[in-house]
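S.K.: Input: one structure, supplied below.
The values are calculated or read from the model by the stated rules, or taken from the named source; none is laboratory data. The model shown is predicted, which means the values in this text are computed figures rather than measured ones. Cβ atoms come from the backbone with ideal geometry, glycine included; neighbour counts cover every protein chain shown.
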Amino acid sequence: MEKVLRNRKAILVFILPGLLAYTCFVFYPMCQSILFTFFEGTPNVKFDFVGLDNYKRLFTDKSFRNSFLVTMQYLLVTGTGWIILGYGTALLLRYGLKAKHTNTARTIVYLPVVIPGVAAAALWAKIFEISPQYGLLNSLLKAIGLESLVRPWIGTSATAMWAVCIAEIWKGIGYYAIIFYAGLMDIPKDLEEAASIDGASKWQVIRHIVFPLMRPVFIMCVVLAIMNSLRVYDMPRILTNGGPGYATTTLSIYMYKVAFKQWKYGYGSTVAVVTLLLTVVFTSIVKRMDRKEMTE
Amino acid sequence: MRKSSKILAAALAAAMSLSTVAFAESDPEYVFKVVSEQAPEVPESEAHIIQMALDAYIADGHPNFSYEFEVCDQNDLASRLAILIASNDVPDLFNYEDGTAMDAIVELDAVVNVSKDFNKLGIELTDIMPESVIDAKHMLSNYDDIYSMPSQMTTNGLFYNKAIFEEQGLEVPTTWAELEAVCDKLLEAGIQPIASNGADGWGITRWIMLYADRLAGADCHQLASRNLEGWSFRDDVFLEAAAKCQEMYQKGYMGNAYNAMSSTEQYAAFCSGQAAMIYTGSWFAVSLLDTSTNPIPQEDIGYFTPPGIEGSEMGLDYALGLDDLSCANAICIGKKKFEEGTNNDFLRYLFENIGTYQREVGLLSPYYSEMEESYEPVQQMLMDHLEQDSKYPTLWFEAKMDASTQDIAQYNAQLLAEGTMTPEEYCEELAASVDENYPAE
Amino acid sequence: MRWKKRNVSGIVLKALLICLLITDIYPFVWMFLSSFKKNVEFSQSMFALPGQLYFQNYIEAYRLADIGVLFKNTVFVTFISIAIIWFFSATVAFAITKMRWRLSGTVLTYVQLGMFIPAFVLLLPQFLMLQKLQLLNTLWALILVFSTNISMSVYLLTGFYRALPDEILEASVIDGCSIYQTFWRIAAPMSINGYVTVIMLAFVNIWNDLLISQTFVSSTGKRMLQVGLAAFLDAKGAREWGPTFAAIVMSVFPTLVIYLILNKKIIAGLSAGSIKG
């Protein structure tokens, strides 16, 4: 038995094709990108070694600082939105509905996830529109007599960030809801039943039995939310293109601009590497906190 | 004035030599690649003109010649080209933003030096376009030579809806104060005075430039963009201009949706009668001619240059002669393919005939053509303006700024317009960015 | 008292859920209805129903955006990539979870690293590489890039395999099956739900991708669906809303259908894969 499972040749047969492909087309290019951060210019044409200059620049660059803050805000708002609403939706699906309806409801909840970013952004642009015609939101406000609230939602720096976040949350809720829901389905029925017989209310069951058991799923969703909100690109790019001003310029948009509009490929790669580092740092903090609490 | 007969002869000669070549030997297979911002289906686009020429060329005895268009959104154009240049795969022709933005591409040695090498096609620049156009290109270039071909003849100004002006009893303003008075009256009547494409950023910065140029002369913003001759964006001229721009947006002259408005929506706002005026370039004429999107009859559309400021140093007459030549679009020729030579025959055909094709679709062309001029009223109005009034050509606000300063200028302009940034902050950030790239002497 | 309280909170919860479902589905309904509107109708109320079913929008969009070609390319690339992704991730994850070797943990971390990398960080290096391989502007370039992006799939499948009881595999080995037979005849058939989940996620990713497909392929005849859609939006989007909505509906349709068919298996797969991972 042991011998079969330790068969070196078989392990290699299983692991090599995938690993080689991954190494050549994902890992190696990533290393190249990191190498690019020590250069400036355009690869293959005029690419000069500049040492750590690109990293030093991060500290004096006002636009970088600004997009860093925007990204943090984005992370906080959309990340929290995804987790709370996703978790809430999953709970509603699991405990708030008759079994025959859950399938339909679940399908509807997941719909926004499967549509392309381009289509979703085009859709939300129409929803927030104010001119030449009122879009869905402004029409609605007008219809219910709140015309004073009608405004260019994505054209004002005060609301643009929120508008983009709402669109992003809308598109993402289903993804997290389904993962949470899948987790809830895995909680043994008899545990809940036993608790209800003991006289616990539904809410008490959820709080004292479900929440603790859902912990690993929760942590996984937080990690996924961090990763996804740090790399977000489509929605702010198509809805606002980073504006007005720099109100919705996330790190990903800033990196794209630096690398391709200002032709500073090395500096752009540096901003990208910072995003990568942020993701790694945040996710490992979450995982470490989790481990610490578990042992306590 | 136009050297029609001479051009006609040259074109005939060229056509004859082309056809002899074509029949003497069959061409090698060649795929001509174009990267452009707009799809060839868009009638006012450069791509459309180039495609017309390509179709005609292929039909005219070059069956082995074929073409491919790649359409790139304006925001992705630079990234696409960066990748193509890095991989040594620059297309035969492409659009790019003219002015300082071009420098990156010139530095990478990716495009043909038109001043030096264009004549390798067997024609001279002066054969196909007037000296004034070549001068304008020199003004745009930061080098001694020019590195791209012009795309369209442009002028920028205010189009206005004559019917609305008449209804409200308004006259074309002759001073800036009158312009503001007109706007106030329109606002009172519940009409948006001016349609503005603030989403593009330049739709807002133009107003800073217009005001500053009328205060201190056509080249002040260009000099300030490079810290030259003691000019800086910290100067009072720009503070005053930025404050005026902010005031106009804050008063609601440009409606309230400006920051979310792209140029297409801006056009729609004017054509639907929602706004009484629109500040844009002469390419707008093509949209105005399209009766499916523009219900306003041509004779109801007027055009004027934003007027001067009474009591300013430059005076009112000076402003009338100011001509904002802002057309940020250049046609670039890929260097490597040009030097290989297979596409040269077509390029000559293209540039000898581009003027004709442009006139056919209704664009104002900087190129000569043997075609009789026959303009629609709206175009004639612009043509007249170009021929009579323009004495002091000038470039758009960001033309001489480096890429990061340009970004700052346009992004902060949205904040300036909506009032979340003061004119002082705006000018200071702009000047600081210029200092970083062009330290003051 | 308690009974009443429960009932009220139940109603509030239901109302919440219904609100949520409406916000999820209404934009789709709106989009679908709008795709049947004539251009003039767009200047009227946003909520109005279309005056008639104007199918011309679909015909127009199909013709103008060349949707037939776009579909053909996208289906070709998506299906081949998915098959390769399945093969790579099913085997790698199996060796990591079910076989015993020292570096398995390290290899898992190494592969998972890919999940952290934003796609556009890799664009230029990948472009230079594809150029050397002379694959640029071919659909194979896309297949290569898509099918090597296996981090998420491996991650999910390791979770899924862990849920498979070891005893079953052991029994099969004791019965004299080789490790390959065990994988193919025992592990794989038991992991269908997991595979479906991975395949569906990969499908959505590839079908909806814009960045990669517009970077590595340039000619019109080899365009992928989203690139074609974006170009269509650029050219017609602002003027002709009817055909634009029709084009969006057509591009979303296949994903929706596949999702609706596989819906149950995906939930089952996600639940096994995520929780034990």
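S.K.: Quick one: which helices (runs of 4 or more DSSP H) lie wholly within the range A:229-296 and hold at least 2 residues that are within 8 Å of another protein chain (Cβ to nearest Cβ) and buried (at least 23 other Cβ atoms within 10 Å of the Cβ)?
M.R.: Passing ranges, in order: A:251-256, A:265-295.
S.K.: Please determine, by comparing only the residues of the range B:218-234 that are within 24 Å of B:GLU180 (Cα to Cα) and touching a residue at least 24 places away in the same chain (Cβ under 8 Å), which one is surrounded by the most Cβ atoms within 10 Å (Cβ to Cβ).
M.R.: Going through the qualifying residues, I end up with B:HIS221.
S.K.: Return a yes/no flag: does the range C:36-57 have any residue that is at pLDDT 85 or above and part of a helix (DSSP H, G or I).
M.R.: Yes - at least one qualifying residue is present in the range C:36-57.
S.K.: Can you tell me which residue is surrounded by the most Cβ atoms within 10 Å (Cβ to Cβ) among those in the range B:44-90 that are at pLDDT below 80 and over 27 Å from the mean Cα position of the chain (by Cα)?
M.R.: Per the stated criteria, the residue is B:ALA86.
S.K.: Next up: Sort through B:GLU265, B:GLU247, B:GLU352 and tell me the only one that's not assigned by TED's automatic domain parsing to the domain that holds B:GLY203 and not β-branched (Val, Ile, Thr).
M.R.: Testing whether each residue is not assigned by TED's automatic domain parsing to the domain that holds B:GLY203 and not β-branched (Val, Ile, Thr) leaves just B:GLU352.
S.K.: Does C:PHE183 count as crowded, with 20+ Cβ neighbours inside 10 Å, of a type in the set (Phe, Trp, Tyr) and within 27 Å of A:TYR175 (Cβ to Cβ)?
M.R.: No.
S.K.: For the list (1) without any contact (Cβ under 8 Å) to a residue 24 or more places away in the chain; (2) among the hydrophobic types (A, V, I, L, M, F, W, C); (3) in contact with a Lys or Arg (Cβ under 6 Å, 6 or more places away or on another chain), I need the number of the one condition that B:ILE58 fails.
M.R.: (3)
S.K.: Within the range C:194-219, take every residue that is of a type outside the set (A, V, I, L, M) and closer than 18 Å to C:MET250 by Cβ and give me the one that is surrounded by the most Cβ atoms within 10 Å (Cβ to Cβ).
M.R.: C:SER213
S.K.: Could you tell me how many of the residues in the range B:193-249 are outside any helix (DSSP H, G or I) and either of a type in the set (Asp, Glu) or on the phi > 0 side of the Ramachandran plot (or both)?
M.R.: Going through the range B:193-249 one residue at a time, the tally reaches 7.
S.K.: Then there's this: State all residues of the range A:56-83 that are over 21 Å from A:LYS171 (Cβ atoms) and without any contact (Cβ under 8 Å) to a residue 12 or more places away in the chain; if no residue qualifies, say none.
M.R.: A:LYS56, A:PHE59, A:THR60, A:ASP61, A:LYS62, A:ARG65, A:LEU69
S.K.: Would you tally the residues in the range B:328-354 being at pLDDT below 90 and crowded, with 23+ Cβ neighbours inside 10 Å?
M.R.: Count: 1.
S.K.: Within the range A:69-80, identify whether any single residue is modelled with pLDDT under 90 and in contact with a helix residue (DSSP H, G or I) (Cβ under 7 Å, 6 or more places away or on another chain), and answer yes or no.
M.R.: Taking every residue of the range A:69-80 in turn, none turns out to be modelled with pLDDT under 90 and in contact with a helix residue (DSSP H, G or I) (Cβ under 7 Å, 6 or more places away or on another chain).
S.K.: I would also like to ask the following. State all residues of the range C:92-116 that are under 21 Å from the mean Cα position of the chain (by Cα), surrounded by fewer than 22 Cβ atoms within 10 Å (Cβ to Cβ) and facing chain A (nearest Cβ under 9 Å); if no residue qualifies, say none.
M.R.: Across the range C:92-116, the qualifying residues are C:LEU113, C:GLY114, C:MET115, C:PHE116.
S.K.: Let me ask something additional. B:GLU418 - would you say it is of a type in the set (Asp, Glu), within 14 Å of another protein chain (Cβ to nearest Cβ), more than 18 Å from the chain's Cα centre (by Cα) and buried (at least 23 other Cβ atoms within 10 Å of the Cβ)?
M.R.: yes
S.K.: Still on this structure, please answer the following. Of all residues in the range B:152-177 being in contact with an Asp or Glu (Cβ under 8 Å, 6 or more places away or on another chain) and in a helix (DSSP H, G or I), which is surrounded by the most Cβ atoms within 10 Å (Cβ to Cβ)?
M.R.: Only one residue tops the list, namely B:TRP176.
S.K.: Among the residues of the range C:119-142, what is the count of those that are modelled with pLDDT of 90 or more and more than 11 Å from chain A (Cβ to nearest Cβ)?
M.R.: Qualifying residue count for the region: 3.
S.K.: I need the full set of residues from the range B:100-121 which are in contact with a helix residue (DSSP H, G or I) (Cβ under 6 Å, 6 or more places away or on another chain) and farther than 21 Å from A:LYS46 by Cβ, in order please.
M.R.: Of everything in the range B:100-121, those that are in contact with a helix residue (DSSP H, G or I) (Cβ under 6 Å, 6 or more places away or on another chain) and farther than 21 Å from A:LYS46 by Cβ turn out to be B:PHE118, B:LEU121.
S.K.: Consider B:TYR303 against the criteria (1) surrounded by 17 or more Cβ atoms within 10 Å (Cβ to Cβ); (2) part of a helix (DSSP H, G or I): it satisfies all of them except one. Which criterion is unmet?
M.R.: Among (1) surrounded by 17 or more Cβ atoms within 10 Å (Cβ to Cβ); (2) part of a helix (DSSP H, G or I), the lone unmet condition for B:TYR303 is (2).
S.K.: Just wondering, is there one or more residues in the range A:44-55 that are within 14 Å of chain C (Cβ to nearest Cβ), surrounded by fewer than 21 Cβ atoms within 10 Å (Cβ to Cβ) and touching a residue at least 60 places away in the same chain (Cβ under 8 Å)?
M.R.: Looking through the range A:44-55, at least one residue is within 14 Å of chain C (Cβ to nearest Cβ), surrounded by fewer than 21 Cβ atoms within 10 Å (Cβ to Cβ) and touching a residue at least 60 places away in the same chain (Cβ under 8 Å).
S.K.: Select from the range B:250-266 the residues that are surrounded by 24 or more Cβ atoms within 10 Å (Cβ to Cβ) and part of a helix (DSSP H, G or I) and write down the one among them that is farthest from the other protein chains (Cβ to nearest Cβ). Walk me through it before giving the result.
M.R.: At the first step, the residues of the range B:250-266 found to be surrounded by 24 or more Cβ atoms within 10 Å (Cβ to Cβ) are B:254, B:257-261, B:266.
Those left that are additionally part of a helix (DSSP H, G or I): B:258-260, B:266.
Values: B:TYR258: 7, B:ASN259: 4, B:ALA260: 3, B:GLN266: 9 Å.
It comes out as B:GLN266.
S.K.: Working only within the range C:140-172, note down all residues that are more than 17 Å from the chain's Cα centre (by Cα) and either outside any helix (DSSP H, G or I) or surrounded by fewer than 19 Cβ atoms within 10 Å (Cβ to Cβ) (or both).
M.R.: Across the range C:140-172, the qualifying residues are C:TRP140, C:ARG162, C:ALA163, C:LEU164, C:PRO165, C:ASP166, C:GLU167, C:ILE168, C:GLU170, C:ALA171.
S.K.: Do you know which of the residues in the range A:81-112 that are within 21 Å of A:ARG231 (Cα to Cα) and surrounded by 22 or more Cβ atoms within 10 Å (Cβ to Cβ) is nearest to the other protein chains (Cβ to nearest Cβ)?
M.R.: Among them, the one singled out is A:PRO112.
S.K.: Among the candidates A:GLY88, A:GLY51, which residue alone is on the phi > 0 side of the Ramachandran plot and out of contact with any Pro (no Cβ under 9 Å at 6 or more places or on another chain)? Even if it seems obvious, please write down each step before you answer.
M.R.: On the way: A:GLY88 fails: on the phi > 0 side of the Ramachandran plot.
From the options A:GLY88, A:GLY51, the qualifying one is A:GLY51.
S.K.: Right, next: Report the residue count in the range B:383-415 for those that are within 14 Å of chain A (Cβ to nearest Cβ), assigned to a helix (DSSP H, G or I) and not β-branched (Val, Ile, Thr).
M.R.: Looking only at that region, the number is 11.
S.K.: Can I ask one more? Looking only at residues in the range A:75-113 that are among the hydrophobic types (A, V, I, L, M, F, W, C) and under 15 Å from the mean Cα position of the chain (by Cα), which one is nearest to C:ALA15 (Cα to Cα)?
M.R.: Here the answer is A:LEU85.
S.K.: Looking only at the range A:113-132, which residues are more than 9 Å from chain C (Cβ to nearest Cβ), in a helix (DSSP H, G or I) and among the aliphatic types (A, V, I, L, M)?
M.R.: Residues satisfying the conditions are A:ALA121, A:ALA125.
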